[in-house]
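Worksheet: the structure to be examined is printed underneath.
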Amino acid sequence: MEQGVFQIGPIRPPSEANSLLLRVTENCPWNKCKFCMLYKNSAFHTRPVAEVKKDIDVMAEYRDRILTHIEECGEYNMEAIQQDYLSLPSDEAKICYQMVFTWLTEGNKQAIFLQDANTMVLRPDWLIEIVCYVRERLPEIQRITSYGRANTMARISAEDFKRLRAAGLDRIHSGYESGSDKVLEMIGKGATQEDEIIGGKKVKEAGIELSIYFMPGVGGRALSDENAIETAKVINEVNPDFVRLRTFVLRTGSLMEELQASGVYRELRDMEKLLEIRKMLAHIDTKKAHGKITSDHIINLLQEVTGYMDKDLSWMLEYIDSFLALPELEQKKYQLARRMGFPLDWKYLYRMQPSDQSRVEEMAKNIVDEKEWEALLHRFTDRYI
Ligand code: SF4
């Protein structure tokens with residue numbers, strides 16, 4: 001590894017936007033989910049613990065270097081930081097320095113995310129050694145998080161999860177996508193509802209936070225109800241701390257296209273995916289599930305559908321219903337604006353540029369063919385995934 005450089009993998013959860021990223025494994029050991037195109041041409045590797053530790057040392061070294069540029073008034077001397085940055089030997093080293101600077105200044109300087117797709121596949125002893133070294137070299141870190149597949153988590157012993165928690169692992173993000181065995185099989189997820197429940201419960205019982213991802217619409221037309229109801233069942237059983245919504249969009253070039261071509265899968269309309277979210281929420285048992293639903297991705301139509309399941313569920317359902325009660329033209333205007341990247345809820349459409357408002361209204365009025373309308377929305381959403 002080049003001097004002054006640490007590895008950075010391709011993705012992290014949105015909630016880890018400005019966290020430090022520590023690459024513990026490379027790529028995905030499963031790599032068969034039909035909707036996912038992320039690591040398709042890359043082989044999985046675990047990185048030697050000693051190599052990962054060297055990356056942590058580089059992070060600590062950059063932190064120390066950057067902190068020497070804080071002046072007596074408490075502000076960073078940006079000129080000195082710029083010179084320091086320019087003196088680095090390569091573009092890769094500059095990217096690493098910049099990540100540490102962003103982490104210290106803009107991000108959550110107490111958080112680090114362990115990459116790539118399924119760090120939990122690593123031997124628990126190795127992962128514990130890495131987590132302990134993070135705590136030793138970066139003592140300001142207060143939150144260590146990672147991705148883990150349900151199937152992998154189900155195989156890890158309760159004892160090992162407890163050891164990981166004691167070492168300092170705080171949260172696991174897991175792409176459950178669906179709670180339905182039929183859907184999980186169709187999309188090639190390589191996990192079952194039982195894995196999700198067993199693995200999720202062990203994580204929670206060890207005192208590690210669990211953040212799961214649900215893909216409304218991934219079961220298509222035939223399995224829409226099943227996707228909603230079985231997912232709610234898993235949520236009720238496991239009581240995850242977070243349920244993050246990732247509305248499914250059939251991505252051009254993904255293996256889901258083959259399912260569609262064979263007639264096995266038919267994609268729901270954009271509004272039908274919202275109805276599926278509503279159905280899933282309506283099946284949540286608020287006596288069992290207390291965590292937070294979050295819509296922290298532009299791909300979700302209604303970003304405001306966010307709140308605690310035990311306290312805010314009625315509000316979230318009412319919010320969806322109030323959108324569904326709007327005249328069709330108003331719904332279409334918002335749908336299009338949102339798919340074009342408008343970040344707020346429909347009550348704030350007036351904040352768009354007048355020229356954009358006119359364009360959106362004209363298209364919403366004039367495109368009456370359902371297929372044409374869905375194709376237009378799809379062209380926008382394809383960019384977000
Ligand atoms: S486990 Fe995650 S990264 Fe791996 S193929 Fe499935 S969705 Fe993609």
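The values are calculated or read from the model by the stated rules, or taken from the named source; none is laboratory data. As the structure is a computational prediction, the values presented were derived from the model and not from experiment. Note that each Cβ is placed from the backbone with ideal geometry, even for glycine, and that neighbours are counted across all protein chains shown.
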* Subset of the range 104-124 (residues that are aliphatic (A, V, I, L, M) and within 16 Å of the ligand (Cβ to nearest atom)) -> Leu114, Ala117, Met120, Val121, Leu122
* To do: Filter the range 25-42 down to residues that are near the ligand (Cβ under 10 Å from one of its atoms), touching a residue at least 12 places away in the same chain (Cβ under 8 Å) and of a type in the set (D, E, K, R), then give me how many there are.
  => 2
* Structure fact -> Of the listed residues (Gly175, Gly179), the one being part of a loop (DSSP other than H, G, I, E, B) and either free of Cβ contacts under 8 Å to residues at least 12 places away in the same chain or in the same structural domain as Gly220 (by TED's automatic domain parsing) (or both) is Gly179
* Limited to the range 223-249, what total is found for residues that are aliphatic (A, V, I, L, M), free of Cβ contacts under 8 Å to residues at least 60 places away in the same chain and under 25 Å from Glu328 (Cα atoms)? -> 1
* Asked: Quick one: is Leu127 surrounded by 16 or more Cβ atoms within 10 Å (Cβ to Cβ), away from the ligand (no atom under 16 Å from the Cβ) and under 18 Å from Ala50 (Cα atoms)?
  -> yes
* To do: Looking only at the range 243-262, decide whether some residue is assigned by TED's automatic domain parsing to the domain that holds Lys182, touching a helix residue (DSSP H, G or I) at 6+ places or on another chain (Cβ under 8 Å) and under 16 Å from Lys288 (Cα atoms).
  => yes
* Asked: Is it true that some residue in the range 326-336 is touching a residue at least 40 places away in the same chain (Cβ under 8 Å), within 22 Å of Asn227 (Cβ to Cβ) and not assigned by TED's automatic domain parsing to the domain that holds Lys233?
  -> yes
* **Breaking point among (1) under 20 Å from Lys371 (Cβ atoms); (2) modelled with pLDDT of 95 or more; (3) crowded, with 18+ Cβ neighbours inside 10 Å, for Glu272** => (3)
* Selection within the range 230-264 - closer than 21 Å to Lys201 by Cβ and in contact with a Ser or Thr (Cβ under 8 Å, 6 or more places away or on another chain) -> Glu230, Thr231, Pro240, Asp241, Phe242, Val243, Arg244
* Residues of the range 15-24 satisfying the condition of being within 15 Å of the ligand (Cβ to nearest atom) and not in a loop (DSSP other than H, G, I, E, B) -> Arg23
* Asked: Under 6 Å by Cβ, and 6 or more places apart or on different chains, what pairs join a residue from the range 340-356 that is touching a residue at least 12 places away in the same chain (Cβ under 8 Å) with one that is surrounded by 11 or more Cβ atoms within 10 Å (Cβ to Cβ) and in a loop (DSSP other than H, G, I, E, B)?
  -> Asp345/Glu304
* **Residue selected from the range 148-172 under the condition assigned to a helix (DSSP H, G or I) and within 17 Å of Tyr213 (Cα to Cα), by the criterion farthest from the ligand (Cβ to nearest atom)** => Ala154
* Structure fact -> Given (1) among the aromatic types (Phe, Trp, Tyr); (2) out of contact with any helix residue (DSSP H, G or I) (no Cβ under 8 Å at 6 or more places or on another chain); (3) touching a residue at least 40 places away in the same chain (Cβ under 8 Å), Tyr265 misses just (2)
* Would you tally the residues in the range 316-338 being within 21 Å of Met352 (Cα to Cα) and not in a helix (DSSP H, G or I)? => 2
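Results for (1) at pLDDT 95 or above; (2) in contact with a helix residue (DSSP H, G or I) (Cβ under 6 Å, 6 or more places away or on another chain); (3) closer than 29 Å to Pro13 by Cβ; (4) not assigned by TED's automatic domain parsing to the domain that holds Arg246, shown as yes or no for each residue.
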| residue | (1), (2), (3), (4) |
| --- | --- |
| Ala282 | yes, no, yes, no |
| Lys287 | yes, no, yes, no |
| Thr306 | yes, no, yes, no |
| Leu344 | no, no, yes, yes |
| Lys347 | no, no, yes, yes |
| Ser355 | no, no, no, yes |
* Structure fact -> Of (1) on the phi > 0 side of the Ramachandran plot; (2) assigned to a helix (DSSP H, G or I), Gly190 fails just (2)
* To do: Tally the residues that are under 15 Å from the mean Cα position of the chain (by Cα) and within 18 Å of Tyr62 (Cβ to Cβ), restricting the search to the range 10-46.
  => 3
* Is there a residue being within 16 Å of the ligand (Cβ to nearest atom) and among the aromatic types (Phe, Trp, Tyr) anywhere in the range 54-64? -> no
